[in-house]
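> Supplied in structure tokens, the structure appears directly below.
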Amino acid sequence: MTQTTNPAEEHLCDACAGIQRNWRKAPGHAELMQRGNRKEERGSSTVTVTRYVCERCGTVWDYENNKQNQKAGWSVIGRV
Ligand SMILES: [Zn+2]
């Protein structure tokens, strides 16, 4: 494999692999369980970041709801 991958992303289930990352309003999937949310500073504004964990593969996701940034959205944080 010549593609560079993040080690945390090697064991995504099919549903997680299908999530479009770093794109605002991209949908998650049905097996993501919400684990709470927090506020984070983004320059002059505050955004809400929601933490999810996949019940199938244990991948931890953050979803950033940032109206100022089209490239905010889903990102893989790691595994449980
Ligand atoms: Zn998964």
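> Can you give me the ranges of the strands (runs of 3 or more DSSP E) entirely in the range 24-67 with at least 1 residues that are under 14 Å from Asp14 (Cα atoms) and hydrophobic (A, V, I, L, M, F, W, C)?
It comes to 32-42, 45-54.
> Residues of the range 40-50 being over 15 Å from the mean Cα position of the chain (by Cα) and either under 22 Å from Cys16 (Cβ atoms) or loosely packed, with under 10 Cβ neighbours inside 10 Å (or both), which ones?
Selection gives Glu41, Gly43, Ser44.
> Can I ask one more? Please verify whether the range 51-73 includes one or more residues that are of a type in the set (D, E, K, R), under 13 Å from the mean Cα position of the chain (by Cα) and loosely packed, with under 13 Cβ neighbours inside 10 Å.
yes
> Take the residues in the range 12-61 that are out of contact with any Cys (no Cβ under 9 Å at 6 or more places or on another chain) and among the β-branched types (Val, Ile, Thr); name whichever of them is farthest from Ser75 (Cα to Cα).
Thr46
> Pairs, please: C-beta under 9 Å, at least 6 apart or cross-chain, first residue over 10 Å from Cys54 (Cβ atoms) and touching a residue at least 24 places away in the same chain (Cβ under 8 Å) and in the range 25-37, second within 14 Å of the ligand (Cβ to nearest atom) and assigned to a loop (DSSP other than H, G, I, E, B)?
The qualifying pairs are Ala26/Ile19.
> If you go through the range 36-80, how many residues are under 14 Å from Arg24 (Cβ atoms), in contact with a Phe, Trp or Tyr (Cβ under 9 Å, 6 or more places away or on another chain) and of a type in the set (Lys, Arg)?
Going through the range 36-80 one residue at a time, the tally reaches 1.
> Yes or no: Glu64 farther than 15 Å from Arg21 by Cβ, of a type in the set (D, E, K, R) and at pLDDT 95 or above?
When the stated conditions are applied, Glu64 does not pass them.
For every residue, the table says whether it meets (1) touching a residue at least 12 places away in the same chain (Cβ under 8 Å); (2) among the aromatic types (Phe, Trp, Tyr).
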{"residue": "Gly18", "(1), (2)": "no, no"}
{"residue": "Lys39", "(1), (2)": "no, no"}
{"residue": "Tyr52", "(1), (2)": "yes, yes"}
{"residue": "Cys57", "(1), (2)": "yes, no"}
{"residue": "Trp61", "(1), (2)": "yes, yes"}
{"residue": "Glu64", "(1), (2)": "yes, no"}
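The values are calculated or read from the model by the stated rules, or taken from the named source; none is laboratory data. If you're wondering where the values come from, they're calculated on a predicted model, not measured in any experiment. FYI the Cβ positions are ideal-geometry reconstructions off the backbone, even for glycines, and counts take in every protein chain you see.
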